[in-house]
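Notes to accompany the following structure.
Computed from the coordinates by the stated procedures, all read-outs in this text should not be read as laboratory data. Since we're looking at a predicted model, the values are computed, not measured. Because the Cβ atoms are built from the backbone with ideal geometry, glycine has one as well, and the counts that use them run over all protein chains shown.
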Amino acid sequence: MVSLWTYWRGGAANQKFDSVGGAMSYASELTRRNPSAVLTGDGTDSGTLRVDLTWRIRNNSDFGRSQRRRMANWRHPLAVFRPAEIQAHSQGVANMDFDLACMYELVDGSRGVVQTLGGLHGDFNEAPFIKLSGDDRFGTGSGEHLYINLDNKDQFKRLLLFVYIYDGAPTFDRADVVVTLATPDGKNVEIGCTDPPPQARSCAVALIEEEKGQLVARREVRYVYGFQSEIDRLYGWGLSWGRARK
């Protein structure tokens with residue numbers, strides 16, 4: 001299956017299928033019609049759940065190009081397997097800063113957030129058992145990751161993954177933003193931040209909750225015009241927020 005991120009980048013040639021522990025890697029997408037996915041169970045109750053943020057800024061010609069690409073693929077089905085053009089990052093990309101973060105609530109009632117702002121990078125081996133690594137201003141594959149310790153999955157009540165724009169003008173409507181959940185058995189669950197309204201600054205992407213002993217991810221993709229405190233109010237987290245810097 002061609003991943004959502006690979007499709008948005010313009011081709012299937014970069015799709016990789018890596019064998020990890022004998023399991024084949026593949027991508028599935030959470031959509032309005034298919035909004036949830038089970039993340040644990042069947043041998044994935046331990047290890048690391050990795051959350052990746054990738055994005056690229058669209059230019060004004062992307063819409064016309066995507067239409068032409070779809071027509072070309074319809075006329076020549078094998079064209080989808082041609083190598084995609086390499087697109088350099090523009091100055092506009094360098095001026096944008098999408099950030100990945102996670103609000104958490106543990107079964108003992110403790111609540112908080114893991115984010116770059118304020119240096120709240122979390123901890124993998126101690127509560128909240130979530131660690132943030134990287135702050136990527138270019139949206140590349142080497143960028144922002146959250147690592148969730150599934151060895152302590154019974155400690156999680158709910159986790160809210162969200163993306164916000166810390167620096168620069170709000171441009172969710174000019175970017176292709178994808179959050180990927182990579183499970184220990186090689187499954188990639190992708191959520192695209194689709195249909196953003198103009199001027200939105202933050203997006204609640206996915207809610208992970210415990211259900212019958214398993215962790216289940218549900219697509220949210222709900223936009224707000226403010227920052228973390230507005231997402232907090234939307235989901236009733238009840239945290240105290242103040243101004244912070246990286």
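Observations on the structure shown:
- In order along the range 174-181, the phi-based Karplus estimate (6.51 cos²θ - 1.76 cosθ + 1.60, θ = phi - 60°) of 3J(HN,Hα) comes to 10, 10, 9, 10, 10, 10, 10, 9 Hz; Gly and Pro are listed as x.
- In Hz, Karplus ³J(HN,Hα) per residue of the range 101-115 (6.51, -1.76, 1.60; θ = phi - 60°; x = Gly, Pro): 8, 8, 8, 10, 9, 8, 5, 7, x, 5, 9, x, 9, 10, 7
- Centre separation in Å (Cα based) which lies between the range 215-234 and the range 154-195: 11 Å
- Gain in span if fully extended, S36 to R58, counting 0.36 nm per residue against the direct Cα distance: 5.2 nm
- Estimated FRET transfer efficiency when R0 is 41 angstrom, pair K212-W241 (beta carbons, to 0.05): 0.80
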